[in-house]
Amino acid sequence: MSIAVFPGSFDPITVGHVDIINRAAPLFEKIIIGIGNNIQKEYMFPAEKREEWIKNTFAGNSKIEVRTYDGLTVNFCKRMHAVYIIRGLRNSNDFEFEQAIAQMNKAMAAGIETVFIPCDPQYTAVASSIVRDIIKNKGDVKMFVPGAVKF
Ligand code: ADP
């Protein structure tokens with residue numbers, strides 16, 4: 001069974017993430033959205049909220065599972081029996097960063113392949129970090145996040 005993990009912080013999930021997941025869905029039998037919980041990182045939203053929003057966004061899509069995890073993504077993939085990691089690419093900065101992570105992951109876990117999906121041009125500027133800034137400054141983020149994101 002071809003199982004893929006789409007790892008990220010999803011703090012919060014955006015329409016850019018949703019687009020990547022929907023476009024990846026036909027390529028795999030199962031996609032596990034892995035919400036990384038790095039104790040050194042400060043999140044705006046607790047893992048439970050991030051998880052609830054993602055679950056509600058993909059409710060009814062039996063191919064998509066949502067889980068939180070600690071530690072290395074490759075170890076999470078092994079626990080999930082996933083042999084693919086999906087990452088979205090918005091621009092050359094994403095590429096530089098993602099290529100290095102993919103190569104390090106490959107060195108640690110040779111059986112796991114990273115698959116890059118280029119961002120749809122309409123979502124190139126959409127980033128969770130900018131969404132968080134807008135929220136902090138009391139702006140409206142409706143057009144950047146799926147409807148299930150409510151705070
Ligand atoms: P991380 O904290 O690991 O960077 P994110 O939640 O920010 O996690 O992103 C998870 C994945 O989604 C990454 O591969 C990132 O490049 C991708 N991504 C983020 N925003 C977009 C977007 N607007 N379009 C396409 N891919 C995106």
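The values are calculated or read from the model by the stated rules, or taken from the named source; none is laboratory data. Here the structure is a predicted model, which is why all the values come from computation and not from measurement. Note that we place each Cβ from the backbone using ideal geometry, even for glycine, and neighbour counts take in every protein chain shown. Quick note on the areas: whole protein, heavy atoms, side chains included, nothing else; ligands and nucleic acids left out. Shrake-Rupley method; radii C 1.70, N 1.55, O 1.52, S 1.80 Å.
Scan 109, 102 and give me the residue that is under 23 Å from residue 41 (Cβ atoms), open to solvent by less than 70 Å² (accessible area, probe 1.4 Å) and over 16 Å from the mean Cα position of the chain (by Cα).
Sole residue among the options that is under 23 Å from residue 41 (Cβ atoms), open to solvent by less than 70 Å² (accessible area, probe 1.4 Å) and over 16 Å from the mean Cα position of the chain (by Cα): 109.
Tell me, which residue of the range 64-106 that is among the basic types (Lys, Arg) and not in a strand (DSSP E or B) is nearest to the ligand (Cβ to nearest atom)?
First, pick out the residues of the range 64-106 that are among the basic types (Lys, Arg): 67, 78-79, 87, 90, 106.
Now drop any that are not not in a strand (DSSP E or B), which leaves 78-79, 90, 106.
Numbers: 78: 18, 79: 18, 90: 5, 106: 16 Å.
Of everything passing the filter in the range 64-106, 90 is nearest to the ligand (Cβ to nearest atom).
Being among the polar types (S, T, N, Q), closer than 17 Å to residue 148 by Cα and more than 9 Å from the ligand (Cβ to nearest atom): is that true of residue 37 here? Let's see the steps before the verdict.
Numbers: among the polar types (S, T, N, Q): yes; closer than 17 Å to residue 148 by Cα: no; more than 9 Å from the ligand (Cβ to nearest atom): yes.
Against the criterion (among the polar types (S, T, N, Q), closer than 17 Å to residue 148 by Cα and more than 9 Å from the ligand (Cβ to nearest atom)), residue 37 does not qualify.
Collect the residues in the range 74-94 that are open to solvent by 70 Å² or more (accessible area, probe 1.4 Å), under 23 Å from residue 25 (Cβ atoms) and over 14 Å from the mean Cα position of the chain (by Cα), keeping them in residue-number order.
78, 79, 81
For the range 112-140, name all the residues that are within 15 Å of the ligand (Cβ to nearest atom), part of a loop (DSSP other than H, G, I, E, B) and surrounded by fewer than 17 Cβ atoms within 10 Å (Cβ to Cβ).
Within the range 112-140, 120, 124, 125, 127 meet the criteria.
Quick check on this structure: which one of 49, 55 is open to solvent by 80 Å² or more (accessible area, probe 1.4 Å) and either in contact with a strand residue (DSSP E or B) (Cβ under 6 Å, 6 or more places away or on another chain) or in contact (Cβ under 8 Å) with a residue 12 or more places away in the chain (or both)? Can you show your working first?
Working: 49 fails: open to solvent by 80 Å² or more (accessible area, probe 1.4 Å).
After applying the criteria, what remains is 55.
With the checklist (1) of a type in the set (A, V, I, L, M, F, W, C); (2) within 11 Å of the ligand (Cβ to nearest atom); (3) at pLDDT below 95 in hand, flag the one item residue 151 doesn't pass.
So residue 151 meets the others, but not (2).
From the list 36, 71, which residue is of a type in the set (Gly, Ala, Ser) and open to solvent by less than 20 Å² (accessible area, probe 1.4 Å)?
Values: 71 fails: open to solvent by less than 20 Å² (accessible area, probe 1.4 Å).
Among 36, 71, only 36 is of a type in the set (Gly, Ala, Ser) and open to solvent by less than 20 Å² (accessible area, probe 1.4 Å).
Would you mind telling me which numbered condition in (1) under 14 Å from residue 14 (Cβ atoms); (2) in a loop (DSSP other than H, G, I, E, B) residue 59 fails?
(1)
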